[in-house]
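Step one of this worksheet: look at the structure below.
Nothing in this text is a laboratory measurement; each read-out follows from the coordinates by a stated rule. Source: prediction; values computed, not measured. Glycine gets a Cβ as well: all are built from the backbone with ideal geometry, and neighbour counts include every protein chain shown.
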Amino acid sequence: MDDPVTFQFPVSGMTHASCAAEVEQALRKVEGVDKVCVSFADQQARLRAPAGSLYALLDAVHAAGCGVPEGVLELSIGGMTWASCVGRIERALGDVPAVKGAHVDLATGRALVKTCGTVEPAALLAAVATMGYSARLIKNA
């Protein structure tokens, strides 16, 4: 099982406090979840779970009748020379908690990263750096 990490993400569709309780209950059923807190006032969920459990967490929120909005971050990637660089960077970005997927374009030197929840840009930049490339945040697309 993956090491636990902290996930924090917005939850849409909660119309009353009992919705937050239903989402929290659904999240607690996901294997390895710990320390769940769903706030109706903030429309946020915060919990610890295995790093690879993102899709199970999203499924649990949807099963409770709510959703998790997606975001997109755009990065400039330096040092790519071959198509194989693209796959390594996409895998590294995909391993960052709350990243739903990444698309890297060798020709433009850009990466579009789909997120659900809070992803610190520094975590994305560090993931790219561990693969031997440079990166900088362009914008929240």
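Across segment 59-92, the residues whose backbone nitrogen lies under 16 Å from the label position 7 Å along the beta-carbon direction of Leu106 are 77-91.
For segment 1-66, applying the loop criterion from DSSP together with a ceiling of 14 other beta carbons within 10 Å to the GluC sites (Glu not before Pro) yields Glu31. Once the Cα-Cα distance is subtracted from the 0.36 nm per residue extended length, the Met131 to Arg46 segment shows a gain of 27.7 nm. Binning the C-alpha pair distances of segment 70-140 at 5 Å intervals from 0 yields a P(r) profile of 3, 20, 35, 27, 11, 3, 0 %, listed from the shortest bin outward.
Compared with the direct C-alpha span, the chain from Cys37 to Ala56 gains 5.2 nm at full extension, assuming 0.36 nm per residue.
For Kirkwood radius over Cα pairs in Å, the candidate list reads (i) 15.7; (ii) 14.9; (iii) 16.9; the entry that matches the value derived from this model is (i). Averaging 1/r over every pair of different alpha carbons in segment 4-63 and inverting the result gives a Kirkwood radius of 11.1 Å.
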